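Data first, discussion second: the structure below is written as structure tokens.
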Amino acid sequence: MTKTVLITGASSGFGRATAIELDSAGYQLVLLARRKDKLAELADSLNAKPHIIQADITERETLTTALQNLPGSFKHIDVLINNAGLALGVEPTQNSRWEDWQTMISTNCAGLASMTHLLVPQMIERNRGQIINVGSTAGLHAYKGGNVYGASKAFVDHFSMSLRADLLGTKVRVTNLIPGLVEGTEFSQVRYHGDEQSASQIYDHCKPLQPDDIARSIRWVIEQPEHMNVNRLEVMPTCQASAGLAVHKDTA
Ligand SMILES: NC(=O)c1ccc[n+]([C@@H]2O[C@H](COP(=O)([O-])OP(=O)(O)OC[C@H]3O[C@@H](n4cnc5c(N)ncnc54)[C@H](OP(=O)(O)O)[C@@H]3O)[C@@H](O)[C@H]2O)c1
């Protein structure tokens, strides 16, 4: 039976690459993001026609209406990929912008929770389904300037494991997919507020992961047998590792 997969943040980066990967494997897709032109462009390039939802995941009413009005053949979502998210800023707490913090919390935490809250009941009712949350290594390994972004991804990790506890006894599976450094997306442009030079420097002199690597990982998680739940899947490029603890020496 063809599975229907809803991907949030499908207009760019991991979401877009995952749509292309899953379309080529014969999955039926529902693509969600705020930029409709990008979604339409992607839809035109796919083999099967997806259903498109232009929505902001922080707007609960818009999401509710869009999900209630899914067309007949797209009605039952088998896999929810909670991928939409962002980092804003790299400054330490004392220099960061409150609006950036609010946007990260409302998107990465509340938006992701909202999508899950809306779709879990129909998965339980059909005793079938899977939720793949896109976390980040920033949620496991603290670094300077990671503050609320890292904390929002720690939320994703704990929420994923709590969902597992709630869903025990059902056939609904939950995964936190945890990528490290990946280039080829809009992530750093967004994080650096459009400062292209700072954004591109992040990827200099190393070989980061690519969106396709994440798309293949997501497909792998989906295609494991029903009795197997991948709790966490942490993927980093070989050029990246956890860098240890910092110690400040007061030598003055
Ligand atoms: N790239 C990395 O190194 C990296 C590493 C670890 C984790 N991640 C995580 O991976 C996910 C995807 O990131 P990416 O690298 O693919 O970045 P990206 O290219 O910037 O893609 C982000 C996607 O999220 C969507 N989005 C953002 N806010 C939204 C909102 N309020 N409502 C609906 N859609 C929204 C964007 O679409 P619209 O702008 O069209 O709405 C876009 O499609 C994020 O959760 C990010 O935190 C990225």
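Coordinate-derived values only; no laboratory data. A quick note: this is a predicted structure, and the numbers were derived from the prediction, not measured. Neighbour counts run over all protein chains shown; Cβ positions are idealised from the backbone, glycine included.
Among all cysteines in the chain, which have no other cysteine Cβ under 4.7 Å from their own Cβ?
CYS109
Non-local amide H neighbours of GLY129 (under 5 Å, H modeled in plane, Pro and chain starts lacking H): which ones?
Under 5 Å from the amide H of GLY129: ARG173.
Please count, across the chain, the pairs of lysine residues with Cα atoms under 18 Å apart that sit 8 or more places apart or on different chains.
Final tally of qualifying lysine pairs is 8.
Once phi is turned into ³J(HN,Hα) by the Karplus curve 6.51 cos²θ - 1.76 cosθ + 1.60 with θ = phi - 60°, what whole-Hz value does each residue of the stretch 135-147 show in order, with x for glycine and proline?
Each residue of the stretch 135-147 in turn: x, 6, 4, 4, x, 10, 10, 6, 9, 4, x, x, 2 Hz.
With θ set to phi - 60°, apply the Karplus curve 6.51 cos²θ - 1.76 cosθ + 1.60 along the stretch 198-211 and write out the HN-Hα couplings as whole Hz, x wherever there is a Gly or Pro.
Each residue of the stretch 198-211 in turn: 4, 5, 6, 4, 4, 9, 5, 6, 8, 10, x, 5, 10, x Hz.
With unit charges on the beta carbons (Lys and Arg positive, Asp and Glu negative) and the dipole taken about the Cα centre of the stretch 4-235, which residue among TYR27, GLY150, MET228 sits farthest to the positive side?
Most positive-ward Cα: MET228.
Taking amide hydrogens as modeled 1.01 Å from N in the peptide plane, which residues meet the under 5 Å criterion relative to ALA84, leaving out close sequence neighbours?
Close amide H contacts, sequence-distant or interchain: THR8, GLY9.
Out of ALA199, GLY139, ASN69, whose Cα points farthest toward the positive end of the dipole of the chain (charges: +1 Lys, Arg; -1 Asp, Glu; placed on Cβ)?
Checking the options against the dipole of the chain, the answer is ASN69.
For GLN224 and SER198, FRET efficiency with R0 = 35 Å and r from the beta-carbon atoms, rounded to 0.05?
0.35
Taking the Cα centre of the chain as origin and charging only Cβ (+1 Lys, Arg; -1 Asp, Glu), how large is the dipole, in debye to the nearest 20?
The dipole magnitude comes to about 600 debye.
Which values, in whole Å and largest first, are the semi-axes of the equivalent ellipsoid of the chain obtained as the square root of 5 times each eigenvalue of the Cα gyration tensor?
With the √(5λ) rule applied to the chain, the semi-axes are 30, 20, 18 Å.
7 Å from Cα along Cα→Cβ at both HIS117 and ASN47: what's the point-to-point distance in nm?
For the pair HIS117/ASN47, the computed spacing is 3.8 nm.
Subtract the Cα-Cα distance of LYS207 and LEU168 from 0.36 nm times their separation in residues, and report this length gain in nm to one decimal.
Here the segment from LYS207 to LEU168 would lengthen by 10.1 nm.
Take each of the peptides 198-206, 27-35, 143-151, 173-181, average the number of other beta-carbon atoms within 10 Å over its residues, and list them starting from the highest.
Taking the mean over residues of other Cβ atoms within 10 Å, the ranking is 173-181, 27-35, 143-151, 198-206.
Once you put a point 7 Å from the Cα of THR251 and another 7 Å from the Cα of PHE74, both along the Cβ direction, what distance in nm separates them?
6.0 nm
222 nm [θ] for the chain, helices only, -39500 (n - 2.57) per DSSP H run of 4+, per residue, to 500?
-11500 deg cm²/dmol
Quick check: residue separation of VAL235 and VAL190 times 0.36 nm, minus the Cα distance between them. What number comes out in nm?
Gain on extension, VAL235 to VAL190, equals 14.0 nm.
Averaging sequence separations of C-alpha pairs under 8 Å and six or more residues apart, then dividing by the length of the chain, give the relative contact order as a whole percent.
Relative contact order for the chain comes out at 19 percent.
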